[in-house]
Amino acid sequence: MAGLQALLFDVDGTLSDTERDGHRVAFNRAFADAGLDWHWDVETYGRLLEVSGGKERIALYINKNKLFINVKYDIKSLISQLHQAKTRHYLDLLMSGQIGLRPGVARLLRDAHGAGLRMGIATTTTRRNVTALLKATLGQGASGWFDTIVAGDAVAAKKPAPDIYHLALQQLGLRAVDCLAFEDSRNGLLAAMSAGLKTLVTVNAYTRGQNFDGAAIVLDQLGEPGAGFRVLAGDAGDSSFVDLPLLKRLHRT
Ligand code: XBP
Ligand code: MG
């Protein structure tokens with residue numbers, strides 16, 4: 001096997017803790033704008049995270065709560081309008097600097113870019129959300145650090161389907177064995193593993209209790225020098241934070 005050629009990153013929950021104070025808040029603002037009395041509290045939103053994708057999440061909520069049963073709505077265009085409004089609110093939150101990167105992420109991305117390691121993004125969220133997050137947190141040119149950004153509706157079947165990873169690998173011109181994926185959720189891990197990728201998982205408050213069998217390692221965060229990670233499953237050897245030597249070791253073993 002050739003050495004590690006590229007890193008493939010999920011975004012929501014992995015690069016940034018976007019869900020509770022970002023996407024959830026933006027959904028609620030969009031519902032209020034539309035005059036709907038829907039409100040997703042922290043627990044409700046956690047249950048809705050069982051599906052990937054904002055439009056899919058609104059559809060799940062409508063189905064679960066049997067909304068609009070007696071009302072003549074074009075559900076598809078309602079969902080689409082709500083999602084567009086949600087994206088506007090989410091971008092506002094990003095641009096106001098309220099959503100940062102998780103510990104260790106900026107350091108690792110800079111190091112990998114500086115070392116000439118190729119990088120890609122494979123995410124379920126809307127593409128504009130990704131480029132805005134990178135710009136707001138890492139600066140204007142940061143999207144250019146990634147050789148491919150595949151996002152949202154680029155594939156029909158969202159995670160846990162492997163399609164988004166297949167597309168990212170195809171665009172990079174690499175095989176799964178040449179790469180390492182970064183995920184935070186079971187749906188994301190299943191998508192990456194089904195595409196044949198070794199996967200490093202960093203959990204967050206919403207995903208901590210999920211089943212991560214099959215991950216190369218499960219950590220509470222990437223960590224920083226002097227403020228290391230906690231290993232939840234797997235073997236980090238002597239490392240206390242995720243750096244390129246640890247990634248190469250994980251990829252080899
Ligand atoms: C992320 C998602 C996304 C966001 C919402 O999943 O499920 O749907 O919550 O984004 P993953 P959009 O981290 O597994 O890619 O509203 O833009 O779809
Ligand atoms: Mg995720």
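Quick note: the coordinates plus some simple rules give every number you see, no bench work behind them. Remember, it's a predicted structure, so these values are computed and weren't measured experimentally. Quick reminder, even Gly has a Cβ in these numbers, built from the backbone with ideal geometry, and neighbours come from all protein chains shown.
Placing a pseudo-label 7 Å from each Cα along the Cα-to-Cβ vector at Asn63 and Ala227 gives an inter-label distance of 4.1 nm. Cα axis of helix 75-95 to longest principal axis of the chain: angle in degrees, 0 to 90, nearest 10? For helix 75-95, the angle is close to 50 degrees.
According to the Kirkwood expression over distinct Cα-Cα pairs, how big is the hydrodynamic radius of the chain, in Å?
Working: mean 1/r = 0.0536 Å⁻¹.
It works out to 18.7 Å.
Among Ala112, Leu49, Gln81, which residue has its Cα positioned farthest towards the positive end of the charge dipole of the chain, with +1 placed on the Cβ of Lys and Arg, -1 on the Cβ of Asp and Glu, and the dipole taken about the Cα centre? Going by the charge dipole, the pick is Gln81.
Rounded to the nearest 20, the size of the Cβ-charge dipole of the chain about its Cα centre is 420 debye, with Lys and Arg at +1 and Asp and Glu at -1.
Suppose each label sits 7 Å from its Cα in the direction of the beta carbon; what would the Arg249-Arg175 distance come out to in nanometres? Result: 2.6 nm between the two label points. DSSP beta bridges confined to the stretch 111-253 are antiparallel in about 20 percent of cases.
So between Asp41 and Ala156, what do we pick up on full extension, going 0.36 nm a residue minus the alpha carbon distance?
On the way: separation 115, 0.36 × 115 = 41.40 nm, distance 2.83 nm.
Full-extension gain reported as 38.6 nm.
How many percent of DSSP beta bridges within the chain run antiparallel, rounded to 5? Just about 15 percent of them are antiparallel.
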